[in-house]
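Asks: The structure that follows is given in the form of structure tokens.
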Amino acid sequence: MLVVYFSWSGTTEKAAQMIAKSTGADLFRIEPTEDYPTSYKALTDIVKKELADGKIRTVKSAPDFAKYDTVFVGVPVWCHTAPTLMTHFLEAHVDNIKGKTVIPFCTYYSTYRDETLATLIDATPTAQHKEGYGTTNPKQGDIDAWLKKIGVIK
Ligand SMILES: Cc1cc2nc3c(=O)[nH]c(=O)nc-3n(C[C@H](O)[C@H](O)[C@H](O)COP(=O)(O)O)c2cc1C
């Protein structure tokens, strides 16, 4: 199993690490070739622009999907959806993900959890899916309960 995730301020990374801890999955952090700004205001302006323009921000490197049959995909909710960085990345790897089980997860502040999980499913049309998970505050116990519910751990 593999956990591919993007995280700007560390919360999604925490969730990714908890999934890896309970499943033994490998972790792979997606990083843009051009860094996002560190200020929230500047970032929000860029995110809105990327969504409006469909501008593609490329990633530094990709995992070797061939080694895995289950791939967790995690993002923060950004402006009501998944960061374009991740959706474009998934679309670019649609052939590598074909036939695998993709399980989406996200972290968010208050809204658009379900829409964001649905966006990750839409971006991986050649995969099978298991029920995703979204949280405002990742906790190991909650994550383990979800992993048990979907049959990934006992
Ligand atoms: C640019 C930007 C846009 C955001 N948009 C939303 C949103 O639409 N809905 C929401 O609930 N949270 C939103 N958030 C909050 C993040 O989803 C939340 O803090 C998330 O846990 C951050 O994950 P990270 O620490 O892995 O980057 C936004 C945060 C940023 C920086």
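Asks: So the check is Cβ under 9 Å with 6+ separation or different chains; which pairs have a first residue in segment 20-48 that's free of Cβ contacts under 8 Å to residues at least 24 places away in the same chain and over 19 Å from residue 77 (Cβ atoms) and a second one that's of a type in the set (Asp, Glu) and outside any helix (DSSP H, G or I)?
Replies: The qualifying pairs are 20/26.
Asks: Show the residue pairs that are 6+ apart or on different chains and have beta-carbon atoms under 6 Å apart, the first residue being within segment 138-154 and closer than 12 Å to residue 103 by Cβ, the second being among the basic types (Lys, Arg) and at pLDDT 95 or above.
Replies: Matching pairs, first to second residue: 150/130.
Asks: Determine which member of the set 19, 56, 46 is under 21 Å from residue 92 (Cα atoms) and among the β-branched types (Val, Ile, Thr).
Replies: From the options 19, 56, 46, the qualifying one is 56.
Asks: Give the residues of segment 32-71 that are out of contact with any Ser or Thr (no Cβ under 8 Å at 6 or more places or on another chain) and within 17 Å of residue 10 (Cα to Cα), sorted by residue number.
Replies: Selection gives 35, 36, 37, 38, 39, 40, 43, 44.
Asks: Still on this structure, I have one more. Taking segment 116-128, which residues are within 14 Å of the chain's Cα centre (by Cα) and either in contact (Cβ under 8 Å) with a residue 40 or more places away in the chain or surrounded by 15 or more Cβ atoms within 10 Å (Cβ to Cβ) (or both)?
Replies: Listed by number, the residues that qualify are 116, 117, 118, 119, 120, 121, 123, 124.
Asks: For residue 56, state whether it is more than 13 Å from the ligand (Cβ to nearest atom), part of a loop (DSSP other than H, G, I, E, B) and out of contact with any Pro (no Cβ under 6 Å at 6 or more places or on another chain).
Replies: Yes.
Asks: Which one of the conditions (1) in contact with a Gly (Cβ under 9 Å, 6 or more places away or on another chain); (2) aliphatic (A, V, I, L, M); (3) in a helix (DSSP H, G or I) does residue 47 fail to meet, given that it meets all the rest?
Replies: All conditions pass for residue 47, except number (1).
Asks: Can you tell me which residue in segment 80-104 is farthest from the chain's Cα centre (by Cα), limited to those that are within 11 Å of the ligand (Cβ to nearest atom) and surrounded by 14 or more Cβ atoms within 10 Å (Cβ to Cβ)?
Replies: Ranking the qualifying residues of segment 80-104, first place goes to 81.
Asks: Going by the conditions given, is residue 72 under 25 Å from residue 45 (Cα atoms) and either among the aliphatic types (A, V, I, L, M) or touching a residue at least 40 places away in the same chain (Cβ under 8 Å) (or both)?
Replies: Answer is no for this residue.
Asks: Only one of 13, 34 is within 10 Å of the ligand (Cβ to nearest atom) and out of contact with any Pro (no Cβ under 7 Å at 6 or more places or on another chain); which?
Replies: Testing whether each residue is within 10 Å of the ligand (Cβ to nearest atom) and out of contact with any Pro (no Cβ under 7 Å at 6 or more places or on another chain) leaves just 13.
The values are calculated or read from the model by the stated rules, or taken from the named source; none is laboratory data. Given the structure is predicted, the values throughout are model-derived calculations rather than measurements. Virtual Cβ from ideal backbone geometry, glycine too; neighbours counted across all protein chains shown.
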